[in-house]
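K.L.:
Pasting in a structure now, in structure tokens, and then I'll have a few things to ask.
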Amino acid sequence: MIVAEQKPFEDIYSYAKRHRRVLLLGCGTCVTVCMAGGEKEVGILASLVRLAARERNDDITVDEHTITRQCDAEFFDETTARKAADAEAVISMGCGVGVQFCAQRFPDKIVYPALNTKFYGATIEQGVWAERCAGCGECVLADFGGICPVARCSKSLLNGPCGGSQDGRCEVDPERVECAWQLIYERMEAMGRLEELEKIQPFKDWSQHRDGGPRTITREEVRL
Amino acid sequence: MNTTMLKAGSRLERILRSGRPVVTAELGPPKSADTDLIRRKAGYLRGVVDAANITDNQTAIVRMSSIGAALIAMQEGLEPVIQITCRDRNRLAVQSDVLGAYALGIRNVLCLTGDHQKFGNHPAAKNVFDMDSIQLVAMLRAMRDEKVFACGDEIRNSKKAPVVEPRMFIGAAANPFGDPFPFRVARLAKKVNAGADFIQTQCIYDMKRFRQWMQQVCDRGLHERVYILAGITPLKSLRMAEHMRDNVAGLTVPEEIIERLRGAENAAEEGERIAVEQIQELLQIPGVHGVHIMAIESEHIVPDLLKKAGLLPRPVVADPLHDAVTSGPEMLRDSVSGVAENRNRAAQPVG
Ligand code: SF4
Ligand code: SF4
């Protein structure tokens, strides 16, 4: 899923404060799973904004609404359109894709992001999420025991590990980050595939990544 | 290693080829455009080391470029080894820099992954890591031996223009102390297979582990395919030793060394004594071809250190940029004519 986290409250409040009525729009997919922008978070954030507005004597009305997916046109139904029309501005609690969809759907509204979109990742344990894929466009997981060196090695080394790998941790953030190359090594060793790691991995084709410009996929056979 | 022709013809390559122990040292460029500092540091190292590594924004702190500082070091009579990290440059920038460096007379390069920018003074910068150090070695080797760019194009200005490839003596680093230990020598083998001509190691304090690693290196026959220079960083104080032990990932400082520094009246002198002993011990280890001194911001102690280690004076070889050699040991003369031959050879891949 796409993992995001809420911006600091004061940042969000500073957006809300510019208007008399805002719609806080949640998303029911990734950001619900990562507990950043689902229905529950919409409710909490709306209450916090209202409370702060009362304390600070700011005149802000907050509407709440959550749709199944903000990155899909079909979920922007009439109710959503009406709620958006009633508000001066929309604060989207979707990921960056959702925010942009909102801006497109509500062309006369200012749309603000309530989240910082972080990465493609997974829940490691309750309350902890970690990056697992960088969307490099040409997946090489088969060569690395199913552990991604692009997203999980701090230096994206295809011929790692660097000299900073110690006790299984990455030098860049030993507290929080495992050395991807230690994991790759262990997995390949357990599978009796260490020899494969001696092969020199050639340059990666970064044109498949964001470096080649914004990417699109067109599949004629499924187009309408 | 017994091929007759020199790859780049640098002084470093020729002394290594002669079989004598080599001494290199690190010269850190200034955090400013101050040329005096480089000249002063070069003054300490001139005639004392065979070549000097000019670091590339080491620890991710902005400094004068390696190539710029290398040129000044050359004017001061030092042979430079430029360092290139993968952190700041993509394949376009590296190749163009190497063409420029070669055109300026630089003949040695050390290929590094690079410290993460998080450790430096621009932690908010975007890193590059278009390639890793092994791919970088392979790219420079292909530029030299196959005379092609990373994209496969020949290194010539136009179809009719001559091929003028940058012929670098290619180095890489090795850290015998990082994890996973059993894979360290495999990674060295990858560097050698990619085309590394020489290796400079992380600074060594843990002799036991280094010996273990060297044993593995020799078991795989790598010492016959690459020159290994053992890294030395003299300890200046107990605090420095403890800092290295506790805060530098991929480095171990044995308790015995900490104890010696703790018990010493003058820790800096003791640190130097330790370094001298280490140098002498390292040079006895089969497969070690020399030492690489990384006296961080204390280049001035290098002459005394090497004198005490019995490594002075350094062998004299002719200026590698001039083919006409009239004196010097026969072996070196042969090597130099090798360079000339090499230069005259028709363009063809060298394997
Ligand atoms: S190799 Fe690329 S596509 Fe595959 S997991 Fe890693 S970043 Fe994602
Ligand atoms: S310590 Fe491991 S994960 Fe971190 S940069 Fe080095 S190889 Fe990559």
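K.L.:
On the basis of being more than 14 Å from ligand 2 (Cβ to nearest atom) and either under 30 Å from A:E189 (Cβ atoms) or basic (K, R) (or both), does B:V137 make the cut?
P.N.:
On the way: more than 14 Å from ligand 2 (Cβ to nearest atom): yes; either under 30 Å from A:E189 (Cβ atoms) or basic (K, R) (or both): yes.
Yes, satisfied.
K.L.:
Of all residues in the range B:155-191, which are in contact with a helix residue (DSSP H, G or I) (Cβ under 8 Å, 6 or more places away or on another chain), among the aliphatic types (A, V, I, L, M) and more than 14 Å from chain A (Cβ to nearest Cβ)?
P.N.:
B:I155, B:M168, B:I170
K.L.:
Another question about this same structure. List the residue pairs whose Cβ atoms are under 9 Å apart, where the first residue sits in the range A:136-164 and is within 17 Å of A:A190 (Cβ to Cβ) and more than 10 Å from every other protein chain (Cβ to nearest Cβ), the second is away from ligand 2 (no atom under 15 Å from the Cβ) and assigned to a loop (DSSP other than H, G, I, E, B), and the two are 6 or more positions apart or on different chains.
P.N.:
A:D143/A:K199; A:G145/A:M191; A:G145/A:R193
K.L.:
Report every pair of residues separated by at least 6 positions or lying on different chains whose Cβ atoms are under 9 Å apart, first residue within the range B:69-80 and closer than 15 Å to B:G100 by Cα, second of a type in the set (S, T, N, Q) and buried (at least 20 other Cβ atoms within 10 Å of the Cβ).
P.N.:
As it stands, the answer is B:A69/B:T55; B:P80/B:N53; B:P80/B:S66; B:P80/B:N108, since those pairs meet every condition given.
K.L.:
Can you tell me which residue within the range A:182-198, out of those that are at the interface with another protein chain (Cβ under 8 Å from one of its Cβ atoms) and in contact (Cβ under 8 Å) with a residue 12 or more places away in the chain, is surrounded by the most Cβ atoms within 10 Å (Cβ to Cβ)?
P.N.:
A:Y185
K.L.:
Given the options A:R210, A:R169, A:R176, name the one that is out of contact with any helix residue (DSSP H, G or I) (no Cβ under 6 Å at 6 or more places or on another chain), within 14 Å of chain B (Cβ to nearest Cβ) and within 16 Å of ligand 1 (Cβ to nearest atom).
P.N.:
A:R210
K.L.:
For B:T252, which of the numbered conditions (1) at pLDDT below 95; (2) assigned to a helix (DSSP H, G or I) fails to hold?
P.N.:
Of (1) at pLDDT below 95; (2) assigned to a helix (DSSP H, G or I), only one is false for B:T252: (2).
K.L.:
Working only within the range A:162-175, note down all residues that are in contact with a Cys (Cβ under 9 Å, 6 or more places away or on another chain) and more than 10 Å from ligand 2 (Cβ to nearest atom). Before the answer, list the steps.
P.N.:
In the first step, residues of the range A:162-175 are kept if they are in contact with a Cys (Cβ under 9 Å, 6 or more places away or on another chain); the result is A:162, A:164-171.
Result: A:D167, single match.
K.L.:
Let me ask something else. Mind listing whichever residues of the range B:119-137 are touching a Phe, Trp or Tyr at 6+ places or on another chain (Cβ under 9 Å) and not polar (S, T, N, Q)?
P.N.:
Across the range B:119-137, the qualifying residues are B:D130, B:M131.
K.L.:
Quick one: B:A241 ticks every box in (1) more than 25 Å from A:Q166 (Cβ to Cβ); (2) outside any loop (DSSP other than H, G, I, E, B) except a single one, so which number is it?
P.N.:
(1)
K.L.:
So, one more: Taking the conditions exactly as written (surrounded by 15 or more Cβ atoms within 10 Å (Cβ to Cβ), more than 14 Å from ligand 1 (Cβ to nearest atom), over 17 Å from B:N127 (Cβ atoms) and among the aromatic types (F, W, Y)), does A:F144 satisfy them or not?
P.N.:
no
The values are calculated or read from the model by the stated rules, or taken from the named source; none is laboratory data. Not measured: the values here are computed from a predicted model. Virtual Cβ from ideal backbone geometry, glycine too; neighbours counted across all protein chains shown.
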